[in-house]
Amino acid sequence: MPVEVACPKCGAAVGDEYAEQTVTCANCGHVFAVPGHEKRSVYARVSTACKSQCEVRMRRVVIAFCLVSVLLFIGPLISLLMPAVQAAREAARRAQCINNMKQIGLALHNYHDAYRCFPPAFIPDEEGRPMHSWRVLILPFLESQVLYEQYRFDEPWDSPHNRALADLMPSVYRCPSDRIDDRVTTSYAMVVGPNAFSTGPGARRGDEFTGGLSFTVAVVEMVGAGINWMEPRDWDITGPDEPRSYHPGVFNVLHADGSIRSTHDEIDADVFQALITVDGGEPPDHHMPRDLDW
């Protein structure tokens, strides 16, 4: 197939019959040598190959430019959106934590309906030492009757048989924001003390809360305490520990009436002290720490 040749100066076409001759361009008068057919085919192939390489390189440059532009735009956008995404995730985890405590509160009240008293913080052994936890006692009211029936009350909570049940902890006993990576540690502790929701081995009736069920804290968040969910250990208000959570600025508390409140970390000590007693001294409602959730 003939390969057309053009004048290198003005681009005018030169006929195929001038192959391997020196010609003068009829258009501009430029004198140049016309290559033979074989050389022209080589030139054409080389030209096509160069053109293809140039196109590939150009596409690569365009793609690289687009990628850089996208990264320069998306990078700052991601950095702006990440705090909002993290805040949304924490809000969801906190809502789930509140739901956990609501289920625990409902179980406590169902236990009270069945036995005419709230569960004690623990059942002691013959020597008065804590042996079984309230978290085990309310299992039938958390739709965990099968697990309750597997537990042996004639053995300590940490006997080989009972310890084998630890991995079956109900999910309501763990806050999703808790950072301890195991399946046996609980995030929630009952309030225990001489004048608190529970005295320890003693079970209180609803009419003992003269300060009002809604003004008495029953269960608090206690993350990081390393409490096995079956372990008869809770928050002793006479000890050095304090309620704590991984929710920014707040920790959730369950009141004896079953309501939930997200309490600020900076809550006044006297106000909180009044909230963990059962017999009066509660502050007026307008002094209570408020948040979005109850």
Subject >> Pick from segment 234-283, criterion outside any loop (DSSP other than H, G, I, E, B) and among the hydroxyl-bearing types (Ser, Thr, Tyr), ranking: nearest to the chain's Cα centre (by Cα) >> reply: Ser262
**OP:** Scan segment 219-233 residue by residue and report those that are in contact with a Ser or Thr (Cβ under 8 Å, 6 or more places away or on another chain) and outside any loop (DSSP other than H, G, I, E, B).
**Re:** Glu221, Met222, Asn228
**OP:** Inspect all residues belonging to segment 239-257 and state whether any of them is surrounded by fewer than 24 Cβ atoms within 10 Å (Cβ to Cβ), among the acidic types (Asp, Glu) and more than 15 Å from Ala189 (Cα to Cα).
**Re:** yes
Original post:
Within the bounds of segment 278-294, is there any residue that is of a type in the set (A, V, I, L, M), surrounded by 14 or more Cβ atoms within 10 Å (Cβ to Cβ) and at pLDDT below 90?
Top reply: yes
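Yes/no matrix, rows are residues, columns are (1) surrounded by 13 or more Cβ atoms within 10 Å (Cβ to Cβ); (2) modelled with pLDDT of 70 or more; (3) basic (Lys, Arg):
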site: Met1; (1), (2), (3): no, no, no
site: Cys7; (1), (2), (3): yes, yes, no
site: Val14; (1), (2), (3): yes, no, no
site: Ala19; (1), (2), (3): yes, no, no
site: Thr24; (1), (2), (3): no, yes, no
site: Lys39; (1), (2), (3): yes, no, yes
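For (1) more than 15 Å from Met101 (Cα to Cα); (2) among the basic types (Lys, Arg), each residue gets a yes or a no:
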{"residue": "Ile138", "(1), (2)": "no, no"}
{"residue": "Gln145", "(1), (2)": "yes, no"}
{"residue": "Leu165", "(1), (2)": "yes, no"}
{"residue": "Leu168", "(1), (2)": "yes, no"}
{"residue": "Asn195", "(1), (2)": "yes, no"}
{"residue": "Arg205", "(1), (2)": "yes, yes"}
Subject >> Looking only at segment 28-37, and only at residues there that are touching a strand residue (DSSP E or B) at 6+ places or on another chain (Cβ under 9 Å) and part of a loop (DSSP other than H, G, I, E, B), the one that is modelled with the highest pLDDT >> reply: His30
**OP:** Write out, first by first residue and then by second, each pair whose Cβ atoms fall under 6 Å of each other, whose residues are 6+ apart or on separate chains, and whose first residue, in segment 165-183, is open to solvent by 50 Å² or more (accessible area, probe 1.4 Å) while the second is basic (Lys, Arg).
**Re:** Asp167/Arg183; Pro176/Arg93
**OP:** Please go through segment 84-129 and pick out each residue that is more than 14 Å from Asn252 (Cβ to Cβ) and of a type in the set (D, E, K, R).
**Re:** Arg89, Asp113, Arg116, Asp125, Glu126, Glu127, Arg129
Subject >> Of all residues making up segment 184-207, the number that are touching a residue at least 60 places away in the same chain (Cβ under 8 Å) and buried (at least 17 other Cβ atoms within 10 Å of the Cβ) >> reply: 12
**OP:** Would you please list the contacts, defined by Cβ atoms under 6 Å and residues six or more apart or on different chains, that run from a residue in segment 128-141 that is under 12 Å from Thr186 (Cβ atoms) to a residue that is part of a loop (DSSP other than H, G, I, E, B) and not acidic (Asp, Glu)?
**Re:** Ser133/Met230; Ser133/Pro232; Trp134/Pro119; Trp134/Ala121; Arg135/Trp229; Val136/Tyr151; Val136/Met230
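The values are calculated or read from the model by the stated rules, or taken from the named source; none is laboratory data. This is a predicted model, so every value here is computed, not measured. Note that each Cβ is placed from the backbone with ideal geometry, even for glycine, and that neighbours are counted across all protein chains shown. Ligands, DNA and RNA are excluded from the accessible area calculation, which covers all protein heavy atoms including side chains. Shrake-Rupley method; radii C 1.70, N 1.55, O 1.52, S 1.80 Å.
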